[in-house]
1. Among the candidates Ala155, Ala135, single out the residue that is open to solvent by less than 80 Å² (accessible area, probe 1.4 Å), without any contact (Cβ under 8 Å) to a residue 40 or more places away in the chain and touching an Asp or Glu at 6+ places or on another chain (Cβ under 8 Å).
2. Just checking, which of Gly246, Gly208 is part of a helix (DSSP H, G or I) and at pLDDT below 70?
3. Which numbered condition in (1) at pLDDT below 85; (2) within 60 Å of the chain's Cα centre (by Cα) is the only one that Asp138 fails?
4. Determine if segment 161-169 includes at least one residue that is open to solvent by less than 10 Å² (accessible area, probe 1.4 Å), part of a helix (DSSP H, G or I) and within 21 Å of Glu127 (Cα to Cα).
5. If Arg212 satisfies every condition in (1) surrounded by 15 or more Cβ atoms within 10 Å (Cβ to Cβ); (2) within 41 Å of the chain's Cα centre (by Cα) but one, which is the exception?
6. Which one is most open to solvent (accessible area, probe 1.4 Å), of the residues in segment 87-101 that are among the hydrophobic types (A, V, I, L, M, F, W, C) and farther than 16 Å from Tyr159 by Cα?
7. Being exposed (fewer than 14 other Cβ atoms within 10 Å of the Cβ), modelled with pLDDT of 85 or more and not aliphatic (A, V, I, L, M): is that true of Asp130 here?
8. Taking interchain pairs and intrachain pairs at least six residues apart, which have beta carbon atoms under 7 angstrom, with the first residue in segment 101-125 and over 21 Å from Ala66 (Cα atoms) and touching a residue at least 40 places away in the same chain (Cβ under 8 Å) and the second open to solvent by 70 Å² or more (accessible area, probe 1.4 Å) and not basic (Lys, Arg)?
Amino acid sequence: MNLNSLKIAAKLWLFIAIVLALLTAIAGIGLVRSAGILAEGRARLDVASQLEHVATQWNGLTETNAVRNTAIILSGEPGVGAAFKDAVTATTDQITVLQKMLESLPITAADRTQLTKIADFRKPVIELRDKARKARADGNVDEALTIMNTQYLPAMGLYIASQKELVKMQQQRVVDVQADTESRRQSNSIGIVVGLVVVVVLITGGTGWLVRSIRDPLDQANEIAARIAQGDLSSHISTTRQDEFGQLLQSLASMNESLGRMVAQVRQSTDSIATASFEIAQGNNDLAQRTEHTSSNLQSTASSMDSLTATVQHSTENARQASALAANASNVAQRGGAVVTQVVTTMQEIDASSKKIADIISVI
C-alpha cells in the first residue's frame, strides 16, 4: 500500500488505530498473561499447600503413633495396649490414606524420591515396633526396652526426620511457588513495560514520519510559491503523491505553467506594443515636424493674411474710388456709345460711298 496516496485524515486515523491496536494488544496480552500466571500460581500454591498440609498431618499422626507405641511398649498394663490399639490402627489407616493422597497429587521427582526414602525408613519401624511389642507381650521387658531404645527409637527418629524433611520440602515448595509466581508477574510487568516502550518508540517514529510527510511537501510548496512570487517560473514541479499535498503541488505546477504562458503572452504583447510605440513615436516625430512646418506656414500665412488684409482694405478703398470712376466711366461710356453709334453710322455711310466709288471705278 502506497502511503503517499492516502489522505492526511486517513493517515492520522490509521496511525491512531495502529497505536490503539498495539496498546490494546499489549494490555490484553499482559492482562491475560497476568491472569494466567495468577491462576497457575494459585493452582500450584494450592497443590503445594495441600502437600504441605498432608505431609504435616502425616508427620503429626506418625509422631502420635510413635508416642502411643512407646507407651504400649513401656507400660506393662494390658489395658494401656488395649486402649491404644484401636487408636494406633485408626491412625495407621489415616496415614495410609494420606500416603495415597500424596501419591495422587502432582508431586515432583524429588518428592517421589523422598517418599521412597520415607517408605524405606517406615518398614524397619513397623518391624521393630511389632518386635518390641511382641517381646513385651511375652514378658521380656528388658528385651523390649532394649529393642525400643537401641533400634526402634533411632529408626523412628529417622522415619520422623524424613517426614519432617518432606514437610520442609513442601514448605519450601510453597515459598518457591510464591517466588516463581511473583517473578513471573514481574517478568510479565517488565514485558508490558517493554511493550509500552516499543509502542512509544513506534509512536515517536510514526509521529516523526507523519510530521515529515506533512512538513516536507509543505516546505516544497512554500519554496515553489516563494520562487513564483519572486518571478521565477522556471521550476519543474512533479510529484507522485495523491493526497492533499500532492493536489497542492499539482495545483502549483498548473499555476506555474499558466503563469509562464501568461508571461509569454504578455511578453509577446509587450513586444508588439513596443513596436507599435516605436512606430507611433516615429509618426509623432513626423507629425511634430509637419506641425512645426505647418506652424511656420501658418505664421507665414498669418503674415500674408495681415498683408492681404491691408491690401484688401487698400483694395476696398481703391474699389470705392474705382466705383466712382466706374460710375463716371459709365456716363462717359454712355456718351461714348452715342458717339460710337454716330461713328458707326458715319462709317456705314463711308462704306456705302466707297462701294459706289468702287462700282464707278470698275465701270470706267
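The values are calculated or read from the model by the stated rules, or taken from the named source; none is laboratory data. Model, not experiment: these values are computed from the prediction. Because the Cβ atoms are built from the backbone with ideal geometry, glycine has one as well, and the counts that use them run over all protein chains shown. Just the protein is used for accessible areas: all its heavy atoms, side chains included, with ligands, DNA and RNA removed. Shrake-Rupley method; radii C 1.70, N 1.55, O 1.52, S 1.80 Å.
1. Values: Ala155 fails: touching an Asp or Glu at 6+ places or on another chain (Cβ under 8 Å).
One residue alone meets the criteria, Ala135.
2. On the way: Gly208 fails: at pLDDT below 70.
Checking each option against the conditions leaves just Gly246.
3. (2)
4. The first filter runs over segment 161-169 and keeps only residues open to solvent by less than 10 Å² (accessible area, probe 1.4 Å), leaving 162-163, 166.
With the extra rule that they be part of a helix (DSSP H, G or I), the set shrinks to 162-163, 166.
Next, only the ones that are within 21 Å of Glu127 (Cα to Cα) stay: 162-163.
Taking every residue of segment 161-169 in turn, at least one turns out to be open to solvent by less than 10 Å² (accessible area, probe 1.4 Å), part of a helix (DSSP H, G or I) and within 21 Å of Glu127 (Cα to Cα).
5. Answer for Arg212: the failing condition is (1).
6. Of everything passing the filter in segment 87-101, Val97 is most open to solvent (accessible area, probe 1.4 Å).
7. Numbers: exposed (fewer than 14 other Cβ atoms within 10 Å of the Cβ): yes; modelled with pLDDT of 85 or more: no; not aliphatic (A, V, I, L, M): yes.
No.
8. Note: pairs meeting the criteria are Leu105/Gln50.
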